[in-house]
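First the structure, in the form of structure tokens, and then the observations on it.
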Amino acid sequence: MVTLERNAAGLGQVRRRYAGRAQLRVDEVAVEQRFRIANGWFFWSTRLLPAPRRKAMHAFYVFCGEVSSIADGEASRTLKLALLADWHAQMALLYAGRPERPVTRALRDAVDKFHLCGEDFLAIIEGMKTVSRTDLRAPSYEQLDLYCEQTAVAVGRIALRILGAGELDGERLAAALGRGMQLTGILRDLAHDAVRQRLYLPRELLHEHGIFATMRSYVLAQPALPEICNALAERATAHFADAKRAIPAHPRSAMLATTAILSSYRTLLDRLLARGWMRLDEPVRIPAWCQSALVMGPGLIGH
């Protein structure tokens with residue numbers, strides 16, 4: 001009788017394990033399909049990654065898309081903050097070993113395998129709360145740097161760990177590349193962000209040029225705008241240079257996508273500088289290879 005009970009218990013464990021693996025496969029397929037629809041070219045480039053890294057990258061980008069779509073959506077501020085608070089709870093469940101949603105279930109193995117830090121996921125959510133809570137208008141350098149840290153840098157840390165970058169040197173690379181990309185995205189999207197009631201140009205930089213108002217249309221029409229944008233571009237250039245110096249410390253296989261992203265954003269910044277800042281609605285022409293690599297950048301860049 002005892003033997004029968006033990007056999008039944010063992011069979012139950014096997015069934016639960018099989019059901020768990022089957023559910024995980026369903027979740028991974030669903031996440032892959034969502035990723036493919038949202039990131040067509042990037043989807044095919046990730047096929048070159050080993051399966052565990054590829055699945056992790058798909059799940060991570062879908063997570064980024066989920067929280068980003070909340071911040072950019074048409075819901076009320078109260079609802080946005082409630083939805084983001086729920087994502088905070090979902091990440092707590094993931095790290096407690098009880099993920100509830102397809103994307104967090106798909107992330108479960110990646111969290112353990114690639115040592116993904118829960119604080120980075122929470123930082124991304126906090127960054128989305130920042131733009132959901134209020135319309136950003138001329139943040140201080142400190143506020144802007146915190147926002148870069150919460151979004152682009154945190155995204156970079158997770159992505160680099162998935163790709164196989166070293167943890168310590170990866171921190172330096174993520175910090176430099178993330179900030180450079182975010183500042184370039186701000187310069188690229190000045191007109192677009194103004195429509196969304198956002199102005200990311202630093203307050204101190206505006207004050208240095210005699211601009212104390214934060215009305216977006218007023219600021220973008222000021223004669224000093226080119227000097228302000230060039231100064232911010234210099235900061236982005238310095239970050240890109242630091243990122244380039246950090247790349248050789250990592251395995252080449254882990255840096256292929258990172259190098260392409262760095263080169264593409266550096267090219268984008270050069271094209272923006274060449275176009276100038278008095279014709280913000282004029283599109284910047286980017287080479288085809290550059291357009292493809294820009295798609296690979298963190299999905300939160302440009303908020």
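The sole residue among R108, R36, R54 that is assigned to a helix (DSSP H, G or I) and at pLDDT below 60 is R36. Taken over segment 132-150, residues that are touching an Asp or Glu at 6+ places or on another chain (Cβ under 8 Å) and within 19 Å of D72 (Cα to Cα) amount to 1.
Flag not set for A238, criterion: farther than 23 Å from R157 by Cβ and at pLDDT 95 or above. Selection of segment 263-288 for residues being in contact with a Lys or Arg (Cβ under 8 Å, 6 or more places away or on another chain) and without any contact (Cβ under 8 Å) to a residue 12 or more places away in the chain yields only E282.
Residues are listed down the side, and each one gets a yes or a no for (1) assigned to a helix (DSSP H, G or I); (2) buried (at least 20 other Cβ atoms within 10 Å of the Cβ); (3) modelled with pLDDT under 90:
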| position | (1), (2), (3) |
| --- | --- |
| Q143 | yes, no, no |
| T151 | yes, yes, yes |
| E171 | yes, no, yes |
| A176 | yes, yes, no |
| T184 | yes, yes, no |
| L187 | yes, yes, no |
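In segment 74-93 there is no residue that is over 30 Å from L190 (Cβ atoms), part of a helix (DSSP H, G or I), in contact with a Pro (Cβ under 9 Å, 6 or more places away or on another chain) and of a type in the set (D, E, K, R). Taking T104 as the residue in question, decide whether it is polar (S, T, N, Q), under 15 Å from the mean Cα position of the chain (by Cα) and either crowded, with 21+ Cβ neighbours inside 10 Å or not assigned by TED's automatic domain parsing to the domain that holds A243 (or both). No; evaluated as a whole, the condition is false for this residue. Only residues that are modelled with pLDDT under 95 and part of a helix (DSSP H, G or I) were counted in segment 191-205, giving 5.
Pick from segment 212-255 the residues that are within 29 Å of A138 (Cα to Cα) and of a type in the set (S, T, Y): which of them is nearest to the chain's Cα centre (by Cα)? The qualifying residue nearest to the chain's Cα centre (by Cα) is T237.
The values are calculated or read from the model by the stated rules, or taken from the named source; none is laboratory data. Since the structure is predicted, the reported quantities are computational estimates derived from the model, not experimental observations. Reconstructed Cβ throughout: ideal geometry from the backbone, glycine too, with neighbour counts over all protein chains shown.
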